[in-house]
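K.L.:
One structure, as structure tokens, below. Some questions next.
Rule-based calculations on the coordinates, nothing more; no lab input. Everything quoted here is computed from the prediction, not taken from an experiment. As a convention, Cβ positions derive from the backbone with ideal geometry for all residues, glycine included, and neighbour counts pool all protein chains shown.
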Amino acid sequence: MAQGISLNLNYSIGFITFILSVAVLFFWIFLNQKPGIGTALNALIVAIMIDVCIRFVQTPDNYLSQIFLAIFAVFTVGLGGGIYLVANLGPGPRDGLMIGLQEKTHFPIAIVRTFLEITVVFLGWYLGGIVGVGTLLFVFGIGPAVALGLFIVKKFFN
């Protein structure tokens, strides 16, 4: 979604991601979520790293390497989410939305996160963003990866 908005407003994807993160915090009001230092740091660090990586990190030339990197990234983000959500320093804006919706609906985390990602990707595609294999791997993989990350962290570190 950030890419689609970025294409239409001519701001960086990282900046748009930050603005979207702040906008998502509005929905927390209805979900009884409480921000913490992790919430602010997540919004800021994710936005900065998106712009830094787009500018300085090269995409692998080999298609198989691209797929491997995308799958590895999904699991890394899922495990990272498990670590910082269990640390109770405040979830990132999207993770707080996911947790709040999960608590209200009682659906599994994996389903709630996947629904959120499908919605966001559809809006981004409608606005002109690119939906490729990596996007689809993230959309359908991040919910289960976060659920797995939470399971692993709670099992081994709680």
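K.L.:
Sort out which residues of region 6-43 are surrounded by 13 or more Cβ atoms within 10 Å (Cβ to Cβ) and more than 19 Å from L116 (Cβ to Cβ), and write them in order of number.
P.N.:
S6, L7, Y11, S12, G14, F15, G36, A40, L41
K.L.:
Go over the candidates F75, F140, F68 one by one and state the one that is over 23 Å from K34 (Cβ atoms), in a helix (DSSP H, G or I), touching a residue at least 40 places away in the same chain (Cβ under 8 Å) and of a type in the set (F, W, Y).
P.N.:
Being over 23 Å from K34 (Cβ atoms), in a helix (DSSP H, G or I), touching a residue at least 40 places away in the same chain (Cβ under 8 Å) and of a type in the set (F, W, Y) holds for just one of F75, F140, F68, which is F75.
K.L.:
Sort through L85, L97 and tell me the only one that's crowded, with 19+ Cβ neighbours inside 10 Å, closer than 27 Å to F157 by Cβ and touching a Phe, Trp or Tyr at 6+ places or on another chain (Cβ under 7 Å).
P.N.:
L97
K.L.:
Hey, another quick one. Would you mind stating whether I130 is free of Cβ contacts under 8 Å to residues at least 40 places away in the same chain and surrounded by fewer than 18 Cβ atoms within 10 Å (Cβ to Cβ)?
P.N.:
The answer is no for I130.
K.L.:
With the structure loaded, tell me whether L79 is surrounded by 14 or more Cβ atoms within 10 Å (Cβ to Cβ) and farther than 22 Å from Q3 by Cα or whether it fails that test.
P.N.:
yes
K.L.:
On the given criteria, is D51 surrounded by 12 or more Cβ atoms within 10 Å (Cβ to Cβ), of a type in the set (D, E, K, R) and out of contact with any Cys (no Cβ under 9 Å at 6 or more places or on another chain)?
P.N.:
In short, yes.
K.L.:
For region 85-114, give me each residue that is touching a residue at least 24 places away in the same chain (Cβ under 8 Å), more than 19 Å from G36 (Cα to Cα) and part of a helix (DSSP H, G or I).
P.N.:
K104, I109, A110, I111, V112, R113, T114
K.L.:
Only one of these conditions is not met by T59: (1) in a helix (DSSP H, G or I); (2) touching a helix residue (DSSP H, G or I) at 6+ places or on another chain (Cβ under 7 Å); (3) surrounded by fewer than 16 Cβ atoms within 10 Å (Cβ to Cβ). Which number is it?
P.N.:
(1)
K.L.:
Which residues, counting only those in region 102-121, are farther than 18 Å from L79 by Cα and either surrounded by 15 or more Cβ atoms within 10 Å (Cβ to Cβ) or among the β-branched types (V, I, T) (or both)?
P.N.:
Listed by number, the residues that qualify are Q102, T105, F115, L116, I118, T119, V120, V121.
K.L.:
Please go through region 115-137 and give me each residue that is part of a helix (DSSP H, G or I) and of a type outside the set (A, V, I, L, M), ordered by number.
P.N.:
If the condition is that a residue be part of a helix (DSSP H, G or I) and of a type outside the set (A, V, I, L, M), then F115, E117, T119, F122, G124, W125, Y126, G134, T135 are the ones that fit.
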